[in-house]
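Remarks on the structure that follows.
The values are calculated or read from the model by the stated rules, or taken from the named source; none is laboratory data. A quick note: this is a predicted structure, and the numbers were derived from the prediction, not measured. In this analysis, Cβ positions are derived from the backbone assuming ideal geometry, glycine residues included, and neighbour counts consider all displayed protein chains.
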Amino acid sequence: METSLLIPPELEVLATSVTEAKVIFQLQFIVTTAYCPLCDSLSTRIHSRYERKLQDLPISGKVVELRLCTRKFFCQKDNCPRKIFAQQQPSCLKRYGRRLLRVCEQMICIGCEMGAKPGARICRLVGIPISASTVLRSIRGGAVTEATTPTVLGVDDFAFRKRESYGAILVDLEKRKPIDLLPDREGKTLEAWLLAHPGVSIVSRDRSSVYALAITRACPEAVQVADRWHLLKNLGENTTKFLDRQRSLIRETAQEVFEQPKSEAAAEVPEKTTSVRVEKRYALFEKVKQLQSNGHSARAIGRHLGVSRNTVRRCFKQEAFVPKINPRKSNLLDYESYLRQRWQEGQQCAKALLQEIKERGYNGSYTILAGFLSNYPKTGEALSLPSAQKVENYSTRSLSIAFCKTEQEWDDKQKPFLTKLLEKSSLLKQLWELNLEFKSIMAQKKGDNLKAWCEKAAQHASFKSFVQGIRQDFDAVYQAMTSCWSNGQTEGQVNRLKNIKRQMYGRASFELLRRRVLANSA
Ligand SMILES: [Zn+2]
């Protein structure tokens, strides 16, 4: 067998054997002389031989074992203190190594990709029998390629343990690669890194003042870009905070808008809305079916009709239209007057009532009905029952989202309520207008309008601290409004890092996490 391509060049094959599980190569060095490691003189006198077992990459799934016959020599120089020495290692092996370098390289790759335990399992599966600890040790021993200093840097922090300890990730935004991890999120650490890697000209960061200060100190001429997503988040939080103080007004308006028409036309409204909803769904179903017969994909149809792919797939599965109303929303309140009437007539058995309203179209469960009936008095005074009213509830958080949208983006249900609300309060109207203006400055990259916006917003009661925050960090926010760089890429890398971190179950250290994040980033 031609083996010169399999075996390291300085070795020759004496014999090969194949067993059920192993391929064994008996090897020896081609040269029969060696140089003394101490005095460097050539020796030809062999003292003895011994065998070393080495591990190579598998062949056809079989473990490959190299049995290397190594010679020991006498040093032939008289005054050399070293009397006996062994032949040096072949170049394919680390000193005292038991595995060829190519095995170690593969092991590190697999280990970085999978983690120690799964990596070891996969290695064993393909014919490299090793333990998880060996994988871990090789990853730790492997070299980390030092990244070049990026021109555009993204910085963000991530949690080792939430609210306890944090680290920071540095990303080359041009190459879209993580370049380093820092063991904490202190300004000093970042500052030291930036001083050791001069040449960064743009830094994208979140809105933390710690990083801002560190970057200013380490590279004062670098342009800082605040993160747009965080700006919008702060804007939303600011809106929620103000809306919280307007709760009574919101509740009042919601009652006015939603509860009046209900009492005027009590029973008909729900029926009507149901049928309208069913009609709408039927029209959609027809359209989907037509497009499907034309051979369009679910994805394309969804995009075309503006519905989710799952909705389209559901229509695909149905042969004919199924007029089912959303089972998760019970329509119990539609039967309230009927239930009250039956209760007064003496029918107080929940199971029987369930049967009766089910026949009339109730779509909820027994549990919902029983819970509802438990409020009815057991004695015959049912006449004094208050009429049930569905209260339209608006959380200030969901409202704050609507307050960052234009009128066209509000859905039909919100529209009358929001219009009324803005009519009632000029403060809320101003808040809404300022929000929209801020968003449009960001969307259209008109950073020059930011200063004027700040002046205007500072007059409004709710924007004081928000504007103050922007003014403190004005240059970076200005850049966020004009620059094409953002921290989105960094956030993605943080997500990837979290994924790797969770694979390790917290067993290994920061150093290992760093190696794994940097190793697999290509
Ligand atoms: Zn010697």
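Taking the stretch 263-329 and the helices (runs of 4 or more DSSP H) fully enclosed by it, the elements with 2 or more residues that are at pLDDT below 85, out of contact with any Asp or Glu (no Cβ under 6 Å at 6 or more places or on another chain) and among the β-branched types (V, I, T) are at 268-293. Counting only residues that are assigned to a loop (DSSP other than H, G, I, E, B), surrounded by 13 or more Cβ atoms within 10 Å (Cβ to Cβ) and more than 16 Å from the ligand (Cβ to nearest atom), the stretch 84-93 holds 3 of them. When the residues of the stretch 51-63 are filtered to those that are closer than 19 Å to S91 by Cα and touching a residue at least 24 places away in the same chain (Cβ under 8 Å), the one that is farthest from the ligand (Cβ to nearest atom) is L57.
Six or more apart or on different chains, Cβ under 9 Å: which pairs go from a residue in the stretch 407-420 that's touching a residue at least 40 places away in the same chain (Cβ under 8 Å) to one that's in a loop (DSSP other than H, G, I, E, B) and surrounded by fewer than 14 Cβ atoms within 10 Å (Cβ to Cβ)? Could you list them? So the pair list comes out empty.
Do the conditions hold for I128, that is, is it assigned to a loop (DSSP other than H, G, I, E, B), more than 16 Å from the ligand (Cβ to nearest atom), at pLDDT 90 or above and among the hydrophobic types (A, V, I, L, M, F, W, C)? Yes; evaluated as a whole, the condition is true for this residue.
The C-beta contact set for the stretch 82-104 (first residue of a type in the set (D, E, K, R), second residue within 16 Å of the ligand (Cβ to nearest atom), distance under 8 angstrom, 6+ apart or interchain) comprises R82/C36; R82/P37; R82/L38; R82/C39; R82/C75; K83/F74; K83/C75. Screening the stretch 338-353 for residues that are buried (at least 16 other Cβ atoms within 10 Å of the Cβ) and among the charged types (D, E, K, R) and picking the one that is farthest from I368 (Cα to Cα) gives R342.
The single residue among K405, K451 that is within 24 Å of D206 (Cβ to Cβ), surrounded by fewer than 19 Cβ atoms within 10 Å (Cβ to Cβ) and at pLDDT 85 or above turns out to be K451. Apart from one condition, S398 fits all of (1) out of contact with any Ser or Thr (no Cβ under 9 Å at 6 or more places or on another chain); (2) modelled with pLDDT of 85 or more; (3) outside the structural domain of E174 (by TED's automatic domain parsing); the exception is (2). Taking (1) acidic (D, E); (2) within 16 Å of the ligand (Cβ to nearest atom); (3) under 25 Å from G141 (Cα atoms) in turn, D40 satisfies each apart from (3). R502 fulfils the conditions (1) of a type outside the set (D, E); (2) crowded, with 19+ Cβ neighbours inside 10 Å; (3) not in a loop (DSSP other than H, G, I, E, B) except for a single criterion, (2). Could you tell me whether any residue of the stretch 146-169 is in contact with a helix residue (DSSP H, G or I) (Cβ under 7 Å, 6 or more places away or on another chain) and at pLDDT below 90? Within the stretch 146-169 (the criterion being in contact with a helix residue (DSSP H, G or I) (Cβ under 7 Å, 6 or more places away or on another chain) and at pLDDT below 90), the answer is no, since none of the residues qualifies.
To keep it simple, each residue is scored yes or no on (1) more than 16 Å from the ligand (Cβ to nearest atom); (2) at pLDDT 90 or above.
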position: E65; (1), (2): yes, yes
position: K72; (1), (2): no, yes
position: R82; (1), (2): no, yes
position: G111; (1), (2): yes, no
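All told, S521 falls short of being in the same structural domain as K241 (by TED's automatic domain parsing), hydroxyl-bearing (S, T, Y) and either at pLDDT 85 or above or under 17 Å from the mean Cα position of the chain (by Cα) (or both).
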